[in-house]
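Single-structure report; data block below.
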Amino acid sequence: MKCFVTGASGFIGSNLVHELLARGHKVTALLRPGSDDRALKGAKFERVTGDTSDHAALTKAMRGCDWCFHVAASYHLWLPDYAPMYAANVDGTRNVLEAAAAAGCSRIVYTSTVGCIGLPGRDAAPSASAAEAHDSRSATERGPCPTDETSPVSEAQMSNHYKLSKWRAEVVARELAAKGAPVIIVNPSAPVGPRDVKPTPTGKVIVDFLNRQMPAYLDTGLNWVHVRDVAVGHILSAEKGRLGERYILGSAEGNWTMKEAFDVLQELTGIAAPRFQVPYFVALAAAHVDETIARFTGKPPKAPLAGVRMARYKMFFNPAKAISELGLPQTAPRQALADAVQWFRDNGYVKS
């Protein structure tokens with residue numbers, strides 16, 4: 001297949017490009033001028049310079065493509081002005097998806113986020129498979145029950161500008177699917193692994209740990225998944241996904257608290273895991289101070305309020321639908337962390 005990929009220089013996008021090429025597909029990648037393309041090293045693809053704001057140019061560039069993967073997004077938990085993020089995530093999504101449909105793409109995969117899935121709660125009703133796996137751990141260990149694509153959620157629950165912009169973009173995707181566009185939505189959880197060049201906020205946690213700059217942690221949790229599985233999940237969605245459906249791209253065994261993740265990192269690296277748990281109210285107060293300073297300096301806060309507020313909840317999810325319908329690979333979360341550690345070490349992110 002001839003594939004069009006936006007966000008190709010990013011963490012998920014670059015891994016997707018490499019996986020597509022490894023499977024014999026041809027790739028046309030949309031890259032903004034001056035993009036950091038280190039993660040695409042060794043990949044042979046056609047480069048199109050531009051961005052998601054030019055509908056006509058997008059339609060022209062996608063002509064002859066079979067599949068479109070819209071991975072590009074503006075991901076910021078703090079900005080002095082959020083208008084550009086809404087323009088990129090909402091208007092840009094409409095431009096890309098409409099252009100892909102106009103160009104005749106037979107499959108359009110839109111990359112959303114689990115931030116648009118209902119948050120877990122102890123009173124949530126899990127699927128049978130999720131409940132069985134969840135109940136194998138003690139009540140203290142398991143925390144909130146993982147939720148899935150059917151969990152009730154609304155725009156009012158989008159607690160920060162990033163999540164709200166992605167929610168509105170997903171609404172656009174669902175609307176276009178309802179009108180006949182061949183759209184499939186994927187919701188990655190918290191990917192880790194190679195080619196995290198920037199790095200992402202999740203990758204930054206690992207980098208800070210490796211550099212012994214993680215003295216404490218919050219009582220939160222994520223669904224840790226190998227980025228390779230997420231990339232392959234995009235391809236499987238194009239091959240097997242049902243039009244108009246959403247698929248959580250995560251790990252059935254990856255619902256770990258931050259303490260569990262740090263304990264595994266300690267086993268992998270020999271570096272002592274942080275032992276001090278920061279009370280939520282302390283972290284929240286510090287974030288308020290940090291953002292107040294940021295308003296005057298214009299420099300992003302180290303601990304944005306949006307991030308601290310999200311950390312109040314354990315973001316545990318159930319990817320059973322993607323596993324059963326798509327055959328989503330399930331690399332062990334421990335291996336995902338090990339591969340991330342190795343890549344960061346090999347690429348100069350760890351101080352000697």
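Which residues, counting only those in the range 221-256, are surrounded by fewer than 19 Cβ atoms within 10 Å (Cβ to Cβ) and either hydroxyl-bearing (Ser, Thr, Tyr) or part of a helix (DSSP H, G or I) (or both)?
Glu239, Lys240
On the given criteria, is Ala72 at pLDDT below 95, closer than 23 Å to Ala238 by Cα and not acidic (Asp, Glu)?
Working: at pLDDT below 95: no; closer than 23 Å to Ala238 by Cα: yes; not acidic (Asp, Glu): yes.
Spelling it out, it is not the case that Ala72 is at pLDDT below 95, closer than 23 Å to Ala238 by Cα and not acidic (Asp, Glu).
Within the range 160-167, does at least one residue satisfy the condition of being surrounded by 19 or more Cβ atoms within 10 Å (Cβ to Cβ), modelled with pLDDT of 70 or more, in contact with a Phe, Trp or Tyr (Cβ under 8 Å, 6 or more places away or on another chain) and basic (Lys, Arg)?
No - not one qualifying residue is present in the range 160-167.
Quick grid of which residues meet (1) more than 20 Å from Asn223 (Cα to Cα); (2) touching a Ser or Thr at 6+ places or on another chain (Cβ under 7 Å):
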| site | (1), (2) |
| --- | --- |
| Ala286 | yes, no |
| Ala294 | yes, no |
| Ala303 | yes, no |
| Lys314 | no, yes |
| Ala322 | no, no |
| Glu325 | no, no |
| Pro329 | no, no |
| Leu337 | no, no |
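Can you report the number of residues in the range 173-197 which are surrounded by fewer than 21 Cβ atoms within 10 Å (Cβ to Cβ), touching a helix residue (DSSP H, G or I) at 6+ places or on another chain (Cβ under 7 Å) and under 17 Å from Thr113 (Cα atoms)?
Matching residues across the range 173-197 total 0.
Ala311 fails exactly one of the following numbered conditions: (1) under 25 Å from Arg246 (Cβ atoms); (2) at pLDDT 85 or above. What is the number of that condition?
With (1) under 25 Å from Arg246 (Cβ atoms); (2) at pLDDT 85 or above applied to Ala311, the lone miss is (2).
So Thr257 ticks every box in (1) in contact with a Gly (Cβ under 8 Å, 6 or more places away or on another chain); (2) modelled with pLDDT of 95 or more; (3) within 29 Å of Ala8 (Cα to Cα) but one. Which box is left unticked?
Tallying (1) in contact with a Gly (Cβ under 8 Å, 6 or more places away or on another chain); (2) modelled with pLDDT of 95 or more; (3) within 29 Å of Ala8 (Cα to Cα), Thr257 fails exactly one: (3).
Please specify each residue of the range 184-238 satisfying the condition of being among the polar types (S, T, N, Q), modelled with pLDDT of 95 or more and touching a Leu at 6+ places or on another chain (Cβ under 8 Å).
Asn187, Ser189, Ser237
Considering only the range 320-352, state which residues are of a type outside the set (A, V, I, L, M) and within 23 Å of Asp263 (Cβ to Cβ).
Listed by number, the residues that qualify are Gln330, Thr331, Pro333, Arg334, Gln335, Asp339, Gln342, Trp343, Phe344, Arg345, Tyr349, Lys351.
Sort out which residues of the range 149-175 are more than 13 Å from Ala88 (Cβ to Cβ), small (Gly, Ala, Ser), in a helix (DSSP H, G or I) and touching a residue at least 24 places away in the same chain (Cβ under 8 Å), and write them in order of number.
Ala173
Kindly establish whether Asn223 is touching a His at 6+ places or on another chain (Cβ under 9 Å) and farther than 25 Å from Ser106 by Cβ. Before you say what the answer is, go through the steps one by one.
Details: touching a His at 6+ places or on another chain (Cβ under 9 Å): no; farther than 25 Å from Ser106 by Cβ: yes.
In short, no.
Test Ala273 against the criterion of being over 30 Å from Val183 (Cβ atoms), crowded, with 16+ Cβ neighbours inside 10 Å and touching a Gly at 6+ places or on another chain (Cβ under 9 Å), and give yes or no.
The answer is no for Ala273.
The values are calculated or read from the model by the stated rules, or taken from the named source; none is laboratory data. From a predicted model like this one, the values you see are computed outputs, not experimental measurements. Note that each Cβ is placed from the backbone with ideal geometry, even for glycine, and that neighbours are counted across all protein chains shown.
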